[in-house]
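Remarks on the structure that follows.
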Amino acid sequence: MILFPGVGNFGSALASLRKKGFSEPLKKYIASGRPYMGICIGMQALFLSSDESDEPGLGVVPAHVGVFANADKAVPCIGWNGASLVGDGAEYGLDSDSSYYFVHSFRVKYDADVEDWALTLTRYGDEVYVSSIQKGNVFATQFHPEKSGKAGLDVLRRWLEQEGKVDMSKSVRRAEAAVQADLVRKSFTKRIVACLDVRTNDAGDLVVTKGDQYDVREAEATPAPPPPATSATANDASTAPSLDPPSQPAPRDVRNLGKPVDLARRYFAEGADEIAFLNITSFRSCPLHDQPMLDVVRQSAETVFVPLTIGGGIRDTVDPDGTARSALEVAGTYFRCGADKVSIGSDAVFAVEAMLAAGGVKTGTTGIETISYAYGAQALVVSIDPKRAYAASLDDVPLLHRPNTVDLAAPLPGTTKPLKTELGPNGERYCWYQCTVRGGRELRDLDVVQLSQGVEALGAGEILLNSVDRDGSKAGFDLRLVNQVRKAVRIPVVASSGAGTVEDFEEVFDATGVEAALAAGIFHRREVPIADVKDHLRTAGIPVRKDLL
Ligand code: 1PR
């Protein structure tokens, strides 16, 4: 048996297969009739060609892989969707009612060329495409069964055991009928992401922490325990605790909300659609291959079967021994540990600033470009840490950012629904969203629209949109910020920061149309269960994945 999984760019994958001398032996193997399963790029590689590259495919399936149209939907397609069977049987346990995890920008449109290969069809926006194929010994899925929870694990297990294999040549395929009869249901769901900010505490333990406007230390210092009283000292005034204020205030501890792998496993069991780890201190003085987060990702990937994103420190680095490590190498190390996406924060700001300073000319050497080319846009997230810059009048806003200023007393642009007014601390009516680096500690002369459009142009596949102002506030998502970024780009946007109630999730999906919403504090402190968020959204008519492990 051969299982060909993969996250990657069609061109670089096929070129690598040929360069390593695998393409002809692979085609011979498939022709021999022995079982082959492909996942994502492992399915697309079987086709003749792809819009993604001039590199030819293996040509096992006489059809082409095209690019999604993006006028009506975010591309890459990142999220959970159904897969409607076009044949008789439930091949390998595929179930038209289950959700599977998709992450791709290119797809096989259903047409006559693939009629005798199509096994399931999926609808994304206004397009119906082939989400899995099966013919003889070949079975391949566009979605990632290894990241699709219980439903996906079932498909993998049945293929490995060659259980539930139906000879589709005898099965009446009704794909054409399904497409014509519009039977392929819209079942793309909104994603609920659990986010784990990870760092070492003062004792050196790796913990999940949580910022309050990015301040991850407890509000109050924990008083040092009094020295143990002994009979000799009990009455000795010189050792009685001093009443004078301490020379140095006691340190405020790093909030400790649990261990990263334990919490990731808990959130997977509770129905999180994705897990994001943000390494918020990105251990600079540590050799790449000793980075503590590698083990966190490796151990989590063993038992957490939904997508894992890792951010923090994805940049060109130098090991303490002077070994240079490119951002691409850092990312590849995490991918090989089981990460599905990597997230770049500060370096994305520097990359866009440099591109704008060069008049929009790209160098092709930034981490965003190199990782996106090698692994595909869908594997590269940019995490944005904006902070509100208030202004009493538009004239007070720097000219460069005036077009991207929001009116805090007005409804969202294009809507009439009143929005709670959120004037600045001195009654300022306007603000623009200023980008920061180094975890919100340094302001930059760049606004979120410039950054979002810049990283999209460089090849990022998704935006994780935080808010320094709302982080940890439980005041709800900053709808004006989320709406502005959602409207500025075609790639998916994950709204983050401020979730306090289940209604906050409904509000951000309804008001802005974002593809995903992230929370941290309310999940870590067990204030709002993920299942309650999903139940509320389902009741509000917002599609969410139902398969829990
Ligand atoms: O700059 O590429 O090394 O990446 C650093 C990464 O670490 C960035 O993604 C940055 O957002 C993140 N980060 C750095 N410092 C902090 C901090 O908190 N001091 N975390 C930090 C930012 C944002 C979310 C947070 C949401 C939801 N945290 O992770 O969890 O705001 O919180 P809530 O639901 O409790 O409101 P680089």
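Here are a few things to note about the model shown:
- The local environment of Val494, defined by Cβ-Cβ distances under 10 Å, has a net charge of -2 under the rule Lys, Arg +1 and Asp, Glu -1.
- Environment charge at Arg107 (Cβ cut-off 15 Å; Lys +1, Arg +1, Asp -1, Glu -1): -4
- Counting only protein heavy atoms and using a 1.4 Å probe, the accessible area of Ile530 comes to about 0 Å².
- Student exercise, segment 19-128 dipole from Lys, Arg, Asp, Glu Cβ charges, in Debye to nearest 20: 540
- Relative compactness, the chain, computed as alpha-carbon Rg over 2.2 N^0.38 Å: 1.05
- Dipole check for the chain: with +1 at the C-beta of Lys and Arg, -1 at the C-beta of Asp and Glu, and the Cα centre as origin, the magnitude is about 940 Debye.
- Were the residues from Asp182 through Asp262 laid out at 0.36 nm apart, the gain over their Cα-Cα distance would be 24.5 nm.
- Per-residue HN-Hα couplings for segment 96-104 [Karplus 6.51, -1.76, 1.60; θ = phi - 60°; Hz; x = Gly/Pro]: 4, 9, 8, 10, 10, 8, 10, 8, 6
- Eligible lysines near Lys186 by straight Cα distance, threshold 17 Å, same-chain separation 8 or greater: Lys73, Lys109, Lys546
- In the structure shown, the pairs Lys150/Lys190; Lys147/Lys534; Lys135/Lys341 are assessed against 29 Å; a Cα-Cα span above that value is assigned to Lys135/Lys341.
- Cα long-axis angle, helix 327-337 against the chain (0 to 90 degrees, to the nearest 10): 70
- Under 18 Å from Lys20, Cα to Cα: lysines that are on another chain or at least 8 residues apart: Lys28
- Annotation: the antiparallel percentage among DSSP beta bridges lying fully within the chain is about 50.
- Rounded accessible area per residue of segment 373-510, 1.4 Å, Å²: 38
- Charge sum, other residues only, whose C-beta stays under 15 Å from Gln299's C-beta, Lys/Arg counted +1 and Asp/Glu -1: +2
The values are calculated or read from the model by the stated rules, or taken from the named source; none is laboratory data. Bear in mind that the values here come from a model prediction, so they are computed numbers and not experimental data. When we count neighbours, we look across all protein chains shown, and the Cβ atoms used for this are built from the backbone with ideal geometry, even at glycine. Note: accessible area is taken over every heavy atom of the protein model, side chains too, but ligands, DNA and RNA are not part of it. Shrake-Rupley method; radii C 1.70, N 1.55, O 1.52, S 1.80 Å.
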